[in-house]
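Asker: Sharing a structure below in structure tokens format, with a few things to ask.
The values are calculated or read from the model by the stated rules, or taken from the named source; none is laboratory data. The shown structure was predicted, so the numbers you read here are calculated from the model rather than taken from an experiment. FYI the Cβ positions are ideal-geometry reconstructions off the backbone, even for glycines, and counts take in every protein chain you see.
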Amino acid sequence: MRMTTKEITKQFVSGRADIGDKASHIKIVERNGHKCFVNYNTVIAAWQGHNLLINDNQYSSTTSKHQNRLKDWAGNNAEIVTAEELYDRLGIEPDWRSF
């Protein structure tokens, strides 16, 4: 289902986004059993079981806007991690071609 970036971000934080949902350059994909929030082929956030992990690495100003929305809407219910830690914990390669 296509939606706005705000809508898909809220849906993802609440756990209600579906695999295949898209908005602009954001897509929700599944990798290694984890639901991932991908922006321009970079995993910005992912669910690891009941834990929401948010990638805190700096990218573009647009990606930072998405990261900040994720953090704001998740509040204390998210763990802020580096991109390296995110990919390591999910057991996936940081290879854009896989998304």
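Asker: Mind telling me which of the residues Leu53, Leu86 ends up being in contact (Cβ under 8 Å) with a residue 24 or more places away in the chain and out of contact with any Pro (no Cβ under 9 Å at 6 or more places or on another chain)?
Answerer: On the way: Leu86 fails: out of contact with any Pro (no Cβ under 9 Å at 6 or more places or on another chain).
None of the other options fit; the residue is Leu53.
Asker: Step by step: first the residues of the range 55-89, then only those that are of a type in the set (Val, Ile, Thr) and buried (at least 18 other Cβ atoms within 10 Å of the Cβ), then the one that is modelled with the lowest pLDDT. Which residue is that?
Answerer: Thr63
Asker: Hey, among the residues in the range 12-54 that are on the phi < 0 side of the Ramachandran plot and assigned to a loop (DSSP other than H, G, I, E, B), which one's surrounded by the fewest Cβ atoms within 10 Å (Cβ to Cβ)?
Answerer: The qualifying residue surrounded by the fewest Cβ atoms within 10 Å (Cβ to Cβ) is His50.
Asker: Turning to a different aspect of this structure: Check the range 13-26 and report whether any residue there is within 18 Å of Asn77 (Cα to Cα) and either touching a Cys at 6+ places or on another chain (Cβ under 9 Å) or in contact (Cβ under 8 Å) with a residue 60 or more places away in the chain (or both). So that I can check it myself, show each step before the final result.
Answerer: As a first pass, look at the range 13-26 and keep what is within 18 Å of Asn77 (Cα to Cα): 13-17.
When the remaining residues are screened for being either touching a Cys at 6+ places or on another chain (Cβ under 9 Å) or in contact (Cβ under 8 Å) with a residue 60 or more places away in the chain (or both), the result is 13.
Yes: one or more hits.
Asker: Ok, one more. Among the numbered conditions (1) in contact (Cβ under 8 Å) with a residue 60 or more places away in the chain; (2) assigned to a helix (DSSP H, G or I), tell me where Ile92 comes up short.
Answerer: Going through (1) in contact (Cβ under 8 Å) with a residue 60 or more places away in the chain; (2) assigned to a helix (DSSP H, G or I) one by one, Ile92 breaks only (2).
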